[in-house]
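Heads up, the thing below is written out as structure tokens.
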Amino acid sequence: RHPPPPNNSFKPTPCRGVSRVLCATLARVRRPATGRLNSGVRRHNNQRRNSVNHEQPPLSLHGSCHCGSVRLTLPAAPETATSCNCSLCRRTGGIWAFYQLGTVLVQGHPENTESYIWGDRTLSNFRCKTCGVVTHWEPLEPVAGARHGVNLRNFEPALVESVVVRRFDGADTWKFLD
């Protein structure tokens, strides 16, 4: 048997359209108030692991497309990222971190990527040939100080959650909205 949720005041809503077993499982792992899944670590025998170290584990700087054919390694965790609403970014849903060109290790590129060039023809947007996930963009004509964008959606959610994401109006004003 599993231990009760940590906050006994939590009352799950009735589950409609799912089995009683799934409903009970979801009720046990949901966090009160937020409805998010409980991030408590469990061992293979389903027992909670009591950790003495209360520090967060270091964020992983390794990510990949869905199928793993394109792998990305960041030189450092970004401090900020950008969510753009231009016609391309709003469709891909990317959250972009920017790095000096050549500092991000992109494995599986160019053999496993396809390029898409659009608009003013200054950037090449790359996606995986196999799964179609957008991974990064690079300038078509690299110059000194050039940068490239990396889609943080290819990394663990904890990395995105640790970054301040700024909203950029790429559809109209070309200004940050915050």
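The values are calculated or read from the model by the stated rules, or taken from the named source; none is laboratory data. Just so we're clear, the structure is a prediction, and the values are computed from it rather than from any experiment. Here the Cβ positions follow ideal geometry from the backbone for every residue, glycine too, while neighbour counts run over all protein chains shown. All accessible areas refer to the heavy atoms of the entire protein, side chains included, with ligands and DNA or RNA removed. Shrake-Rupley method; radii C 1.70, N 1.55, O 1.52, S 1.80 Å.
Summary of computed values
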read-out	value
Residue satisfying all of: in the range 67-93; part of a helix (DSSP H, G or I) and free of Cβ contacts under 8 Å to residues at least 60 places away in the same chain; surrounded by the fewest Cβ atoms within 10 Å (Cβ to Cβ) among these	91
The range 156-176 residues that are open to solvent by less than 70 Å² (accessible area, probe 1.4 Å), paired with ones that are among the polar types (S, T, N, Q) and outside any loop (DSSP other than H, G, I, E, B) (beta carbon under 9 Å, 6 or more apart)	163/80; 165/80; 165/82; 165/83; 168/82; 168/83; 170/82
Among residues of the range 100-125, those that are surrounded by 15 or more Cβ atoms within 10 Å (Cβ to Cβ) and outside any loop (DSSP other than H, G, I, E, B), counted	5
Filter pass, residue 134 being free of Cβ contacts under 8 Å to residues at least 60 places away in the same chain and surrounded by 18 or more Cβ atoms within 10 Å (Cβ to Cβ)	yes
